[in-house]
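See below for the structure under consideration.
The values are calculated or read from the model by the stated rules, or taken from the named source; none is laboratory data. Just so it is clear, the structure is predicted and the values come from calculations on it, not from any experiment. For neighbour counting, all protein chains shown are included, and Cβ atoms are generated from backbone atoms with ideal geometry for every residue, glycine included. For the accessible areas, the whole protein counts, side chains as well, though only heavy atoms, and no ligand, DNA or RNA atoms are used. Shrake-Rupley method; radii C 1.70, N 1.55, O 1.52, S 1.80 Å.
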Amino acid sequence: MKTFGLKGEIRDDFGKKAARAYRSESLIPCVVYGGHNEENLNFVVKSGDVRNLIYTPEVFLVDLDLGKKKITAVVKDVQFHPVKDTILHIDFLHVFENVPVVIEIPVRLEGLAAGVRAGGKLSLDIRKLKVKALPAKLPEELVVNVEKLELGKSIQVGQLSFEDLEILNAKNAVVCRVQLTRAARGAAAKAE
């Protein structure tokens, strides 16, 4: 999995007034949760520094540099302004080498489905799957081969398996499917 370096400063001020003051200076209030008997760390980062971390489909392990503290974490939650769509707050989760982490990983479809060759349309229903694995075993993406997927058929979460990780989504959730198009229906009706 890719890593993303992020530099921040520990913050001492809390509350709405302090958060508003930080945001007016183009800083984003953040917190790191977790750690073995450690307190949560509150810090701020520059809004321009997180652009390539947040506005991307990729998932990263984040190397946080908070002055004297160096922490490896993952993005747990991002809060956006309801109107302006600017980032209001970011929650990180402290990651340890020997402790499994739960994270959403993007799904990528590979191959030309047999149903698409027959005139169907391939659709990806779940763009990210929630998985549980050790940080070193986390892949950048989950590749699903769809070459044998026939017209009108689907691939469900229960049919997928990946080495060294557990998929936490519902087993009957549809990941992708090949749907019958109007053109294919019309051709089938004419053939009959």
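Some points to look at:
- Cα gyration tensor category, rounded, prolate or oblate, for segment 1-58 with a/c compared to 1.5: oblate
- Eligible lysines near Lys171 by straight Cα distance, threshold 25 Å, same-chain separation 8 or greater: Lys76, Lys121, Lys128, Lys130, Lys132, Lys137, Lys148, Lys153
- Dipole of the chain, positive end: most advanced residue of Ile54, Ile10, Ala113 [Cβ charges, Cα centre]: Ala113
- Whole-Hz ³J(HN,Hα) from phi, Karplus 6.51 cos²θ - 1.76 cosθ + 1.60, for segment 100-107, glycine and proline x: x, 10, 9, 8, 8, 10, x, 9
- Relative to the compact-globule estimate of 2.2 N^0.38 Å, the Cα radius of gyration of segment 79-192 comes out at 1.41.
- Relative packing of 52-58, 88-94, 131-137, which averages over residues the other C-beta atoms within 10 Å, highest first: 88-94, 131-137, 52-58
- Counting DSSP beta bridges with both ends in segment 45-192, the antiparallel % (nearest 5): 85
- Segments 158-166, 43-51 sorted - mean Cβ within 10 Å per residue, highest first: 43-51, 158-166
- Helix 182-191 axis, angle to the chain major axis (alpha carbon atoms, nearest 10°): 10
- The chain: proportion of alpha-carbon pairs further apart than 27 angstrom, %: 45
- Size of segment 114-177: Rg and Dmax of its alpha carbons, in Å, are 13.0, 41.
- Under 12 Å, Cβ to Cβ, from Leu122 - net charge with Lys/Arg +1 and Asp/Glu -1: 0
- Per residue, the chain exposes an accessible area of 62 Å² to a 1.4 Å probe, with every protein chain left in place.
- Apportionment of accessible area to carbon and sulfur, the chain, percent (1.4 Å): 48
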